[in-house]
1. I'd like to know if the stretch 26-35 contains one or more residues that are surrounded by 18 or more Cβ atoms within 10 Å (Cβ to Cβ) and more than 17 Å from residue 177 (Cβ to Cβ).
2. Exactly one of these conditions fails for residue 147: (1) in contact with a helix residue (DSSP H, G or I) (Cβ under 7 Å, 6 or more places away or on another chain); (2) within 30 Å of residue 37 (Cβ to Cβ). Give me its number.
3. Output the residues belonging to the stretch 77-92 that are assigned to a helix (DSSP H, G or I), in contact with a helix residue (DSSP H, G or I) (Cβ under 9 Å, 6 or more places away or on another chain) and in contact (Cβ under 8 Å) with a residue 24 or more places away in the chain.
4. Might you let me know whether the stretch 85-108 holds any residue that is surrounded by 14 or more Cβ atoms within 10 Å (Cβ to Cβ) and over 25 Å from residue 151 (Cα atoms)?
5. Taking the stretch 94-138 as the region of interest, how many residues are within 30 Å of residue 156 (Cα to Cα), out of contact with any helix residue (DSSP H, G or I) (no Cβ under 7 Å at 6 or more places or on another chain) and touching a residue at least 60 places away in the same chain (Cβ under 8 Å)?
């Protein structure tokens, strides 16, 4: 009789322990999905600002049509990447597609800003200044949201890879989540200094 009670208690402890691990994995997965939703909000905000920025610049940059078209195409690619990532947050292919599209968009916007520097009237335009300020603010929010997402992904991946969670993670199909990496070549290069 005592042996039966001990076995029941051990089985109950193991069951509750397993349920705790499983619930922890679910919580971590939901946390990184929520963190991606925050990125999604900020990306949508940026994508909504870009057409307004292009419209304001159009009147001044008549001879810079290819720059404006590059921004529009990069935005379309980024919206497509966002949709793929939104459908499957954490999926390596979707995150790579979004990261690549965001890199292309950042490059196109950077070229637009460089071209806009050559047009003093455009730089002085109140709408252009306001849109540029909003875009900069949104870029900062995206960076913070991306950092929070990547931190959540790392916490989830750590939780699913450590023993004994890795056993339950494998049994219940908890797959690794991918980080959102956006490479900005200008930030990766070391500054060149000459005397």
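All of the numbers you see were taken from the coordinates with simple rules; none came from a lab. Not measured: the values here are computed from a predicted model. Quick reminder, even Gly has a Cβ in these numbers, built from the backbone with ideal geometry, and neighbours come from all protein chains shown.
1. For the stretch 26-35, residues surrounded by 18 or more Cβ atoms within 10 Å (Cβ to Cβ) and more than 17 Å from residue 177 (Cβ to Cβ): absent.
2. (1)
3. Listed by number, the residues that qualify are 77, 78, 79, 82, 85, 86.
4. The answer is yes; a qualifying residue exists.
5. 4
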